[in-house]
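S.K.: My questions will all concern the structure given below.
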Amino acid sequence: MKPPRPDSPYWVLHRQMARFNKWLFRRTKGRRGGTFLGAPVLLLDHVGRRTGQARTNPLIYLDDAPNLVLVASKGGIDVNPAWFHNLMAMSTTEVELPGGVRRRVRPRVAEGEERAALWERVIVLYPPYADYAKRTERLIPVIVLEPA
C-alpha cells in the first residue's frame with residue numbers, strides 16, 4: 001500500500017499531531033511524548049534551508065552511544081522529509097532528549113555496511129520502518145548524529 005500523497009489531509013493532521021507532541025514533550029521534559037509505540041522520541045532542532053526559520057521535529061531515535069540515529073522515512077513516501085534536507089545543510093544542531101537533556105550534534109548520512117547494520121537495529125526498534133522501505137524506490141536515509 002502506498003503512503004498518502006504529501007499534500008493529503010493525512011499529512012496536515014500529522015503535522016498538527018507533531019506540534020502537539022513537541023509541546024507535550026517540552027512541557028513534561030519527555031515524560032509524555034517521549035515515546036511512540038514503544039520507541040524513544042527526541043526533538044530535533046533545525047533551520048529551514050530556504051526560509052531560515054527555526055523548526056523542531058519529534059522523531060524516533062536509536063541510542064547508539066555516543067551517537068544518536070534517525071531515519072528519514074516519512075512513512076515510505078517517495079521523497080525525503082524536509083527536515084532531512086534542512087539537517088544536511090547544517091554542520092551542527094541540537095536535539096532534546098527525554099529528561100530535558102539537550103545535546104549539540106553533527107549530522108551525517110550512514111552509508112554501506114554501517115547503514116546496513118544500523119538499519120537492522122532500527123527496524124527492531126520500530127518495525128514499521130521495514131514496511132516503509134517496501135513502499136518506496138528510494139533508499140531511506142539513516143542519519144548518525146555525532147556529539148559536536
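The values are calculated or read from the model by the stated rules, or taken from the named source; none is laboratory data. Keep in mind it's a predicted model, so treat the numbers as computed, not measured. FYI the Cβ positions are ideal-geometry reconstructions off the backbone, even for glycines, and counts take in every protein chain you see. For accessibility, only protein heavy atoms count, side chains too; no ligands or nucleic acids. Shrake-Rupley method; radii C 1.70, N 1.55, O 1.52, S 1.80 Å.
S.K.: Any chance you could get the radius of gyration and Dmax over the Cα atoms of the range 1-131, in Å?
M.R.: Cα-based Rg and Dmax for the range 1-131 come out at 14.5, 39 Å.
S.K.: Just order 137-145, 47-55 by mean Cβ neighbour count inside 10 Å, highest at the front, would you? Before the final figure, lay out the partial values.
M.R.: Numbers: 137-145: 17.8, 47-55: 11.3.
Ranking, from highest mean packing down: 137-145, 47-55.
S.K.: If ligands, DNA and RNA are left out, what is the accessible area of S8 with a 1.4 Å probe, given in Å² to the nearest 10?
M.R.: 20 Å²
S.K.: Indicate the gyration tensor shape class of the range 92-145 (rounded, prolate or oblate), computed on the Cα atoms with a ≥ b ≥ c the square roots of the eigenvalues: a/c under 1.5 is rounded; otherwise a/b larger than b/c is prolate and the rest oblate. Don't skip to the answer; put the middle values down first.
M.R.: Values: a/c = 2.30, a/b = 1.66, b/c = 1.39.
In terms of gyration-tensor shape, prolate.
S.K.: Among residues other than G76 whose Cβ falls under 13 Å from its Cβ, what is the net charge (Lys/Arg +1, Asp/Glu -1)? Please list the in-between numbers first.
M.R.: On the way: positive: K2, R5, K74, K134, R135, R138; negative: D78, D131, E137.
Every neighbour counted, the sum reads +3.
S.K.: In Å², and per residue, what accessible area does the chain have when probed at 1.4 Å with the other protein chains present? Don't jump to the answer; show the numbers that get you there.
M.R.: Working: 8480 Å² over 148 residues.
Solvent-accessible surface per residue comes out at 57 Å².
S.K.: How high is the relative contact order of the chain, in percent, with contacts defined as C-alpha pairs under 8 Å that are six or more residues apart? Intermediate values should be presented prior to the final figure.
M.R.: On the way: 247 pairs, mean separation 38.3, N = 148.
About 26 percent, as a whole number.
S.K.: D64's amide H: which non-local residues (gap 5+, or another chain) put their own amide H closer than 5 Å, with H modeled 1.01 Å from N in plane and none for Pro or chain starts?
M.R.: Hits under the 5 Å cutoff: V69.
S.K.: May I ask you to give the percent of accessible area on the chain that is carbon plus sulfur, with a probe radius of 1.4 Å? Please list the in-between numbers first.
M.R.: Values: 4630 of 8480 Å².
With neighbouring chains kept in place, the figure for the chain is 55 percent.
S.K.: Can you give the calculated 222 nm mean residue ellipticity of the chain, where each DSSP H run of n ≥ 4 adds -39,500 (n - 2.57) and the sum is split over every residue, rounded to the nearest 500 deg cm²/dmol? Each step should come with its number before you reach the end.
M.R.: Values: 4 runs with 49 residues, N = 148.
For the chain, the value works out to -10500 deg cm²/dmol.
S.K.: Here's something else I'd like to know. Provide the net charge surrounding G48, with neighbours chosen by a C-beta distance below 15 Å and charges set as Lys +1, Arg +1, Asp -1, Glu -1. Mind showing how you got there, number by number?
M.R.: On the way: positive: R15, R49, R50, R55; negative: D45.
With Lys, Arg at +1 and Asp, Glu at -1, the net is +3.
S.K.: Taking a virtual spin label 7 Å from the Cα of D78 along the C-beta vector, which residues in the range 122-148 bring their backbone nitrogen under 16 Å of it?
M.R.: Under cut-off, by backbone N: 133-140.
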